[in-house]
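The values are calculated or read from the model by the stated rules, or taken from the named source; none is laboratory data. Quick caveat, the model's predicted, so the values are computed rather than measured. Every residue, glycine as well, gets a Cβ built from its backbone with ideal geometry; the counts of neighbours run over all protein chains shown.
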Amino acid sequence: MHRFTRIVICAVLTFGVVTAAFAAPTQMRRMFNAAQKIDLKRVSDYLNSVHTLKGSFVQVNPDGSLWEGMMYLSKPGKMRFEYKPPSPHLIVADGSTLTVEDRKLKTVDRFPLIGSPLALLLSDDIDLTTYSHITSVKHQPGMLLVSASAASGGTHGDIVITFSDPGLELRQWEIVDSEGYKTTVVLNDLQIGVALSPDLFVMRASATPRKSQN
């Protein structure tokens, strides 16, 4: 898979790690104090309150290049990351499959949504207090940072998800992969509870399909 296609997939799948791991929920291994547990519950409640979402994003790639675009989310199971040129990528989750289109290479890669971290995000019942891969919960002025370390399906990374606080709202996420490459996605102008067209979550055939990835 092309290096930058991997970057795109990594950046988007990391959004699923807002739920805190690339793994099924288990008993927390790290001891958090009462205030931190309350923060994780607050974040869970916020994520569960989001059923549709629309906003713009800026993706900072490991080489310093910037990609921009729009993201759309509709629970359960649907998401769209629409990159502006010069990025040739379009990513759509239709409820069962995550599809990555590269218009430059004229290819389409498909991944099963079930079992992916993205599927967790797109569910309506998230509880971060049950995830074992969360490593820290920290406050900075005006921000709440939730960190996780994860590995599954060949994807490895340390993740930091940033929320505004008070008035919780997802602001950005950052991942450093096993090779030390850092990718940051910054969100802007989020609109929650907006009406979204079902057509946003349909990938139109415009490239050559490749074998589904497992």
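Here is how the numbers come out for the structure above:
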| read-out | value |
| --- | --- |
| Of the criteria (1) under 28 Å from Ser87 (Cα atoms); (2) at pLDDT 85 or above; (3) in a strand (DSSP E or B), which one Leu145 fails | (1) |
| Asn188 in contact with a strand residue (DSSP E or B) (Cβ under 9 Å, 6 or more places away or on another chain) and modelled with pLDDT under 75 | no |
| Hits in the stretch 73-92 - residues which are in a strand (DSSP E or B) and either over 19 Å from Leu187 (Cα atoms) or not hydrophobic (A, V, I, L, M, F, W, C) (or both) | Ser74, Lys78, Arg80, Glu82, Tyr83, His89 |
| Members of the stretch 35-72 that are without any contact (Cβ under 8 Å) to a residue 60 or more places away in the chain and among the hydrophobic types (A, V, I, L, M, F, W, C) | Ala35, Ile38, Leu66, Trp67, Met70 |
| Test set (1) more than 19 Å from Val160 (Cβ to Cβ); (2) among the β-branched types (Val, Ile, Thr); (3) modelled with pLDDT under 90; (4) not in a strand (DSSP E or B) - Val100 fails condition number | (4) |
| Residue list for the stretch 59-92, filter: surrounded by 15 or more Cβ atoms within 10 Å (Cβ to Cβ) and of a type in the set (Ser, Thr, Tyr) | Tyr72, Ser74, Tyr83, Ser87 |
| Single residue of the stretch 47-58 satisfying the filter (surrounded by fewer than 17 Cβ atoms within 10 Å (Cβ to Cβ) and part of a helix (DSSP H, G or I)) that is farthest from the chain's Cα centre (by Cα) | Ser49 |
| Out of Ala24, Ala20, sole residue that is exposed (fewer than 15 other Cβ atoms within 10 Å of the Cβ) and at pLDDT below 50 | Ala24 |
| The stretch 103-125 - residue that is at pLDDT 80 or above and either among the β-branched types (Val, Ile, Thr) or part of a strand (DSSP E or B) (or both) and, of those, farthest from Thr52 (Cα to Cα) | Thr107 |
